[in-house]
1. For the stretch 217-227, check the following and say yes or no: at least one residue is in contact with a Phe, Trp or Tyr (Cβ under 9 Å, 6 or more places away or on another chain), within 12 Å of L201 (Cβ to Cβ) and either in contact (Cβ under 8 Å) with a residue 40 or more places away in the chain or of a type in the set (V, I, T) (or both).
2. For G185, state whether it is more than 23 Å from the chain's Cα centre (by Cα) and over 24 Å from R119 (Cβ atoms).
3. For residues that are in a helix (DSSP H, G or I) and in contact with a strand residue (DSSP E or B) (Cβ under 9 Å, 6 or more places away or on another chain), scanning just the stretch 71-91, find the one that is nearest to A139 (Cα to Cα).
4. Being closer than 25 Å to P236 by Cβ, hydroxyl-bearing (S, T, Y) and not assigned by TED's automatic domain parsing to the domain that holds M223 is the requirement here; does S83 meet it?
5. Pairs only if they're at least six apart or on different chains, beta carbon under 7 angstrom, first in the stretch 267-295 and on the phi > 0 side of the Ramachandran plot, second of a type in the set (S, T, N, Q) and modelled with pLDDT under 95; list them, first residue then second.
6. Just checking, which of S211, S202, S233, S190 is at pLDDT 95 or above and surrounded by fewer than 16 Cβ atoms within 10 Å (Cβ to Cβ)?
7. Going residue by residue through the stretch 272-285, is there one that turns out to be farther than 20 Å from A122 by Cβ and either not assigned by TED's automatic domain parsing to the domain that holds A164 or not acidic (D, E) (or both)?
8. Restricting the search to the stretch 11-35, which residues are outside any loop (DSSP other than H, G, I, E, B) and closer than 16 Å to F294 by Cα?
Amino acid sequence: MKIAVLDDYQNVALEMADWSDVMRQAELTVFNDHLDHGEALVQRLLPFEVICVMRERTPMTAELLAKLPNLKLIVSTGARNASIDRDAAARQGIVVEHTGYDATPTVEMTWALILGVARHVASENASLRAGGWQQRVGADLNGRTLGLLGLGNLGSRVATIAHAFGMKTIAWSHNLTADKAGSFGVRLVSKDELFRQSDFLSVHLVLGERSRGLVGSPEIALMKPTAYLINTSRGPIVEEAALIGALRANTIAGAAVDVFDVEPMLPDHPFRTLPNVLATPHIGYVAQSLYQTFYGDTVEHVKAWLSRSDS
């Protein structure tokens, strides 16, 4: 039996869980690099009966699955993975399993980005390393307004921390009610008001048909010139071209983004060089405890499947 672990960027998959039982029963191959698509990816995956994927790093599309006749099991980290075509997998008799998930690392990362962009942490650090000293004046959080585009599991927890900083909190999403917002100490506003009033606007929606491209040029144009946009959710919720245009024109103060339309980010992407962007490589969930859950649960799913296959 051949098992593949894909996109182990940090080369830690074997350290985060005990794979010994799996390795006694099967041949395990861990890939640290990323192949996006095409024949090279097909040839890499063709020998494997089991593929373990990390979130959406390598999409399991219908086109790809059709070219993998040996594949019997996909284990994906996280409670859901929209990049797996579950219907295509079912048609081919491929079992799809998911691991546990905890939003805490992403909540923490959201605040790292808010604080980082407000106080220019990255640029001040770069200046200091280059021999410089104080360069810019940071923005305060106390008394400012945090706007939450989405007040679910993540957005509500981000709001709780905002109150500790003395921030006002407002929110909007399609189905959000005033009662639910109020239960978290947050005021429900209209979508336009959210963009107009926010000093920091943080995105916390699931990517879907209604949320894709939800933040475009009209919405960004409503934002204050002193406001910051933060996205730790999914790249396509915010139209990248619209955000890049606003950042180049300095119509908003800046952005902090951890997610992108194409990942890994292309070498010439403007977010790599724009001075008013704090960009990180989708590391909101990349934390010790969650990786242990991801790979620990992956091992258990693979062991269970191997046991069923042997019986």
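1. There is at least one residue in the stretch 217-227 that is in contact with a Phe, Trp or Tyr (Cβ under 9 Å, 6 or more places away or on another chain), within 12 Å of L201 (Cβ to Cβ) and either in contact (Cβ under 8 Å) with a residue 40 or more places away in the chain or of a type in the set (V, I, T) (or both).
2. Yes; evaluated as a whole, the condition is true for this residue.
3. R86
4. yes
5. Close Cβ pairs (under 7 Å, with a partner that is of a type in the set (S, T, N, Q) and modelled with pLDDT under 95) do not exist here.
6. Matching residue, one of S211, S202, S233, S190: S190.
7. Taking the stretch 272-285 as the starting set, the residues that turn out to be farther than 20 Å from A122 by Cβ are 285.
Okay, now just the ones that are also either not assigned by TED's automatic domain parsing to the domain that holds A164 or not acidic (D, E) (or both), so 285.
Yes; the residues of the stretch 272-285 include at least one that is farther than 20 Å from A122 by Cβ and either not assigned by TED's automatic domain parsing to the domain that holds A164 or not acidic (D, E) (or both).
8. If the condition is that a residue be outside any loop (DSSP other than H, G, I, E, B) and closer than 16 Å to F294 by Cα, then V22, V30 are the ones that fit.
The values are calculated or read from the model by the stated rules, or taken from the named source; none is laboratory data. Everything numeric here is computed off the predicted structure, so don't read it as measured data. Glycine gets a Cβ as well: all are built from the backbone with ideal geometry, and neighbour counts include every protein chain shown.
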